[in-house]
Amino acid sequence: APLTQMMGTTSYTTFGNHYYIEGNDAAGEMWRFVYWLQGMNLENLINQSMANEEWTLAGIGYAIKAFSWDQMTKHHGELILKDAFVPGLLSHRYEYQDTVYTAVRNWAYKAIDLLKMPDTHNYGTKISANDYIYGGDKAKWIKFANAVIVRNLASLSNKSDFNTKYAPELIIAANNSFQTFADDA
């Protein structure tokens with residue numbers, strides 16, 4: 001309501017201006033989720049899985065990363081992308097949203113590529129018991145990654161070059177994305 005000026009208020013208006021409220025975490029949940037809760041945990045999952053050639057686990061990690069960063073840039077615009085998770089770095093540069101959008105799509109495509117790779121690892125219940133979304137179903141994770149691409153590109157529909165630059169890619173991803181409610185995360 002305060003952002004649309006539909007109701008009078010003197011609180012929670014700093015969210016609309018994208019600045020920090022001292023001693024308060026209002027509107028900071030996406031930052032906390034992506035940079036802290038997932039943060040290096042997700043980076044380590046991806047890096048360790050890649051090193052061990054555990055393509056399914058790495059693919060799931062990239063799909064989650066793409067989804068999370070897509071949500072965060074849509075909430076906050078510019079983000080700390082390239083400087084995120086650099087050990088010892090105390091000053092961070094922000095990347096513009098178009099850079100973040102491209103990174104999101106690259107991660108989603110990487111997830112799809114990894115999930116399509118033959119994976120001979122016996123994960124036992126490592127994935128199936130801990131994947132509360134799809135239980136390790138690679139086909140559904142591929143659809144999920146395509147859905148991230150669709151959501152990412154659909155938010156660019158107001159661009160003047162959307163029909164020529166983004167729409168063909170969106171249509172391909174949409175055809176490979178969710179088809180029924182059973183696919184929905």
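Looking for something open to solvent by 50 Å² or more (accessible area, probe 1.4 Å), part of a helix (DSSP H, G or I), closer than 19 Å to ASN175 by Cβ and among the hydroxyl-bearing types (Ser, Thr, Tyr) - is there at least one such residue anywhere in region 104-117? Checking region 104-117: at least one residue is open to solvent by 50 Å² or more (accessible area, probe 1.4 Å), part of a helix (DSSP H, G or I), closer than 19 Å to ASN175 by Cβ and among the hydroxyl-bearing types (Ser, Thr, Tyr). Evaluation of SER91 against the conditions (1) open to solvent by less than 20 Å² (accessible area, probe 1.4 Å); (2) out of contact with any helix residue (DSSP H, G or I) (no Cβ under 8 Å at 6 or more places or on another chain) shows that the sole unmet condition is (1).
One line per residue, one yes/no per condition, for (1) in contact with a Lys or Arg (Cβ under 9 Å, 6 or more places away or on another chain); (2) modelled with pLDDT under 85; (3) closer than 24 Å to LYS82 by Cα; (4) open to solvent by 90 Å² or more (accessible area, probe 1.4 Å):
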{"site": "PRO2", "(1), (2), (3), (4)": "no, yes, no, no"}
{"site": "MET6", "(1), (2), (3), (4)": "no, yes, no, yes"}
{"site": "THR9", "(1), (2), (3), (4)": "no, yes, no, no"}
{"site": "GLU22", "(1), (2), (3), (4)": "no, yes, no, yes"}
{"site": "ALA26", "(1), (2), (3), (4)": "no, yes, no, no"}
{"site": "GLY39", "(1), (2), (3), (4)": "no, no, yes, no"}
{"site": "ASN44", "(1), (2), (3), (4)": "no, no, yes, no"}
{"site": "ALA58", "(1), (2), (3), (4)": "yes, no, yes, no"}
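Candidates ASN152, ASN175: the one that is among the polar types (S, T, N, Q) and either touching a Lys or Arg at 6+ places or on another chain (Cβ under 9 Å) or surrounded by 15 or more Cβ atoms within 10 Å (Cβ to Cβ) (or both) is ASN152.
Given the structure, is TYR101 outside any loop (DSSP other than H, G, I, E, B) and open to solvent by 30 Å² or more (accessible area, probe 1.4 Å)? Here the answer is no, as TYR101 does not meet what is asked.
The values are calculated or read from the model by the stated rules, or taken from the named source; none is laboratory data. What you are looking at is a predicted structure, and each value in this text was computed from that prediction instead of being measured. With ideal geometry, Cβ positions are generated from the backbone for all residues, glycine too; neighbour counts draw on all protein chains shown. We work out accessible area using only protein heavy atoms, side chains counted, and drop any ligands, DNA or RNA first. Shrake-Rupley method; radii C 1.70, N 1.55, O 1.52, S 1.80 Å.
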